[in-house]
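What follows is a short report on a single structure.
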Amino acid sequence: MKVLKGQVSGQTLSLTKKIASSGEGTVWTTSRKGFLAKLYHERSPERFQKLRVMIAHPPQDPMQEKHHVSLAWPQDILESQQGQPMGFLMPEIGESVKLSTIYNPRLRSRKAPRFNWYYLHTAALNIASTMEAIHREGYVVGDVKPQNILVNSQALISIIDADSFQVQDPHTREVFRCLVGSEGFTPAELLGKDLASVDQTDVHDRFRLGVIVFLLLFGDQPFKGKWIGRGESPQPTSLIEKGFWPYAPQSLIRPGPNTIPLSIVHPQLQSCFHQCFTQGHTHPHLRPSAQQWMQALQKAVTSLSTCHLESNHLYSQSYGHCYWCDRKSKLGVDIFSPKPVIPKPAPKPSQAKQPNPWAKPPVSANPALAAAYAQRMQQLQKMQIPHSRITRSILQMPLGQRKSWLPSISNSVLGMILCGFSFLGLGLLLAPELTPQNFTYLSTSTERAAKQWLASKLGIASHVSTLNQPGISLSADPSNAQKGHWDTITTLSISPDSNTLVSGSRDFTLKVWDLNTGQLLNTLSEHYEPVVSSHIIDQGKSLISSSVSGKVLQWDLSTASLSKNFVSYAAMRPAGGVRATVIDPNTQVMASSAWGGSILLYNLQTDKVIRIPSQLMASEQAMVISPDAKSLVTSNSDGQIQQWAVSTGKLLRRLPNTQGWQSSELTSAIALSNQGKTLITGSWGGAIGLWDFPAGRLVKTLNAHEKMVAALVVSFDNKLFVSGGDDRQIKIWDLKTGKLLKTLTDHQEGISALAISPNNKWLVSGSRDRSIKIWNLQTGKLIRTLLNP
């Protein structure tokens, strides 16, 4: 048993077992608990001088308070009994696996089946946090690769092989370079260069960090896709050298049929990827720093929602629905399956069942994120009783109370069976309308409708609170049933005479209301998928509506009947479905933005279509048509605001990101004053920008909301504008001065739509809590609430 001595501590230890060997050296367990020894084959003086600098200047471990080792940092130089340096002492990393085990879907399903998208986001956040700590002390990782990053069951990470980092002595300024790099992780400017002669910076690490984050969130390399150039596809190194990744403007590779699209992640992450791989290819200093990746990942984590159909599916609220369910429907593969087939040896009778180490909640650099996730999963676990949530409510009742229900349930069985056949018939009837993308929506809303019907028939409204959003309860009164919407309000439109309100929802329906009395006049239900927009035209006589697949319908409001289906537009519908649609009521020009980033300009009267091709993915794209109908203003995932000519689709100008309107604060909502002089932009961070639109100049920035600005609207007299945020607040502002006049706080969930009546009397708001509220615009008083009881 070999005995070594610590050069710094003076303590001795013994090598107990060799656990790894490479061309550089060997790794041993030691007699000191929790520490390993690495012994070099080649023991140069420069190597040990580098270790002395590292030991004297360690970075702060971001997970020190969690008693977790994020860096296998050298602790002491180990020397022989004769005083010859042999290697160094480093902390031992607890039970963990290589990073590839969790980002590779096949490996993950076998080793860590519950490691869902939230865990992957959290692991990426923890890697960025650790890299930020390394860069803060002036170190460069250099050889970033999945083999050098370990992750445990709580998404806590550990970076190993720290002795390969580039180190600079803070006193002598001598640089000990990183001599190695890995294919797929070396930025273009370093390809073909001798790393032994290059002083690297954190800018080079930023590229490597971007690749790691991409691997975690998408399960594959960013520089990979369908080759559209001549000949065979080049090797990844050549693609990196040319800056070819699927979302670069002039790239010769495009997303393949099985590629997970960039648009599913939070817009701020989309922007970071573009900055890293597109702008950063020619201007490396524009790549996001580790700190910027942290900020984007923190926002992305907080925006994740749990799928209603599968608790192990999480998706970004900006995307709007569960991509993983869509993918499963299309490809028949669920990469986050909660019930993978895992062969397990039969346990011995004497052994107690051990808890699954990969079932622990994640821990991130931001404790609040992990706490929120733990609370969410506890709520979901309470919902794991089989069958529907109504069945669960019945099973959770006292036995005596359940017995009193038996006659009622028995009488309902036949009706339930007939109802089931009715839904089957409805499904066959609607089959031509359904696509894999919108089938998930139909099943979710059909389930919700069936549960509400059953609840009212069984009289169990008071026992099924899990059916409702906060602040909304079911009612057994048939006269009040199903008046409002069952899901998020997505669009609001008011007639020119200020008497009629039209609302659209993710529940597939449009509803026509008497704005003065709140009476429901008609329900329009020909979309069979979530409604995206509604616009009243022809002086209040007609309604144009659109849904997520790009289906556009025209309605006669006087008869509540469908008058036209724009088939020619449907044939040109944007790939990936529609996110937003705006219409000029006079010229009847409609602009639609796709999840993929492309824009369609469509003249409803002439059927003329102009397609503006995608330059950048833009799931957060907001848009507005100017009052003179000559310009279309849009946002994009590179942080820019663009102005297009409606007649030609030609780009007229880009508004610069200056005076505090940073590209990291991507635009989530846009509005124009009715005179076209003031442009109002809302950001994902909650800020509002007031622009002199003719001059293209940012005049003022307002700290408006704590979360994303989801909706903006300007009064018809150009005196006020209103903002609605994901923080549940509605704020009324003076358009000229930017002064906050009133704050309205009656919604239970984030605001999703706003409208102001042409007479400037009413403000109407829609929310994710499924309610519509009508306010007095001048006083801020709540007049009435329209909802599904």
Fully extended contour minus Cα-Cα distance, from Asp538 to Arg173, at 0.36 nm per residue: 124.0 nm
Under the Debye formula (equal points on every Cα, no solvent term), log10 I(q)/I(0) of the stretch 66-115 at q = 0.32 Å⁻¹: -1.10
Extension gain Thr737-Gln675, at 0.36 nm per residue separation less the Cα-Cα distance, in nm? 20.7 nm
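Shape call for the stretch 62-145 from the C-alpha gyration tensor, a ≥ b ≥ c root eigenvalues: rounded (a/c under 1.5), prolate (a/b greater than b/c) or oblate? Spell out each step's value before the answer.
Values: a/c = 2.52, a/b = 1.81, b/c = 1.39.
Prolate, since a/c reaches 1.5 and a/b exceeds b/c.
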For the stretch 635-789, calculate the relative contact order in percent as a whole number, restricting contacts to Cα pairs under 8 Å that are 6 or more residues apart. 12 percent
Distance check, please: which entries in Lys18/Lys193; Lys677/Lys707; Lys630/Lys781; Lys677/Lys742; Lys608/Lys700; Lys299/Lys773 exceed 31 angstrom between their Cα atoms? Lys18/Lys193; Lys630/Lys781; Lys608/Lys700
Residue by residue through the stretch 53-67, which ³J(HN,Hα) values in whole Hz follow from phi under the Karplus form 6.51 cos²θ - 1.76 cosθ + 1.60 (θ = phi - 60°), with glycine and proline marked x? 5, 5, 5, 6, 9, x, x, 7, 6, x, 10, 4, 5, 8, 6
Distance in nm between pseudo-label sites at Lys781 and Thr26 (7 Å out along the Cβ direction from Cα): 8.7 nm
List every residue whose amide H lies under 5 Å from the amide H of Asn522, counting only residues 5 or more places away in sequence or on a different chain, with H placed 1.01 Å from N in the peptide plane. Val512
Give the distance, in whole Å, between the Cα centre of the stretch 101-141 and the Cα centre of the stretch 499-517. 45 Å
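Of the heavy-atom accessible surface of the stretch 196-319 (probe 1.4 angstrom), what whole percent is carbon and sulfur?
Details: 2270 of 4550 Å².
Ligands and nucleic acids excluded, carbon and sulfur give 50 percent.
Rank by packing, highest mean first: peptides 100-110, 2-12, 312-322, with packing defined as the count of other Cβ atoms within 10 Å averaged across residues. Please report the intermediate quantities before stating the final value.
Values: 100-110: 17.9, 2-12: 14.7, 312-322: 21.6.
Descending packing order for the listed peptides: 312-322, 100-110, 2-12.
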Extension gain, Thr237 back to Thr648 (0.36 nm per residue minus Cα-Cα distance, nm): 144.0 nm
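Heavy atoms only, probe 1.4 Å: what % of the accessible area of the stretch 19-160 goes to carbon and sulfur, would you let me know? Please list the in-between numbers first.
On the way: 2710 of 5810 Å².
The value for the stretch 19-160 is 47 percent carbon and sulfur by accessible area.
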Three-way shape call for the stretch 680-744 based on the alpha-carbon gyration tensor, with the a/c threshold at 1.5: oblate
Might you report the magnitude of the Cβ-based charge dipole of the stretch 1-56 about its Cα centre, with Lys and Arg at +1 and Asp and Glu at -1, to the nearest 20 debye? 200 debye
Whole Å is fine, so just give me how far the alpha carbon centre of the stretch 1-25 lies from that of the stretch 222-288. 45 Å
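Which of the peptides 777-785, 666-674, 225-233, 496-504 is most tightly packed, and how do the rest follow, going by the mean number of other Cβ atoms within 10 Å of each residue? If you can, show how the numbers build up before the last one.
Details: 777-785: 14.1, 666-674: 22.7, 225-233: 12.1, 496-504: 20.7.
Answer by packing, highest mean first, reads 666-674, 496-504, 777-785, 225-233.
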Principal axis dimensions, largest first and in whole angstrom, of the stretch 209-295 by Cα: 41, 27, 19
Compute the separation of the alpha-carbon centres of the stretch 40-64 and the stretch 712-732 and state it in Å as a whole number. 56 Å
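At a 10 angstrom cut-off on C-beta neighbours, averaged per residue, how do the peptides 50-56, 113-119 rank from highest to lowest? Please list the in-between numbers first.
Working: 50-56: 19.0, 113-119: 22.4.
With the highest mean Cβ count within 10 Å placed first, the list reads 113-119, 50-56.
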At what distance in nm do the modelled label points of Gln250 and Gln519 sit from each other, each positioned 7 Å from its Cα along Cα→Cβ? 6.4 nm
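The values are calculated or read from the model by the stated rules, or taken from the named source; none is laboratory data. Computed from a prediction, not measured in an experiment: that's the story for all the values here. When we count neighbours, we look across all protein chains shown, and the Cβ atoms used for this are built from the backbone with ideal geometry, even at glycine. Keep in mind that these areas ignore ligands, DNA and RNA; they rest on the heavy atoms of the full protein, side chains included. Shrake-Rupley method; radii C 1.70, N 1.55, O 1.52, S 1.80 Å.
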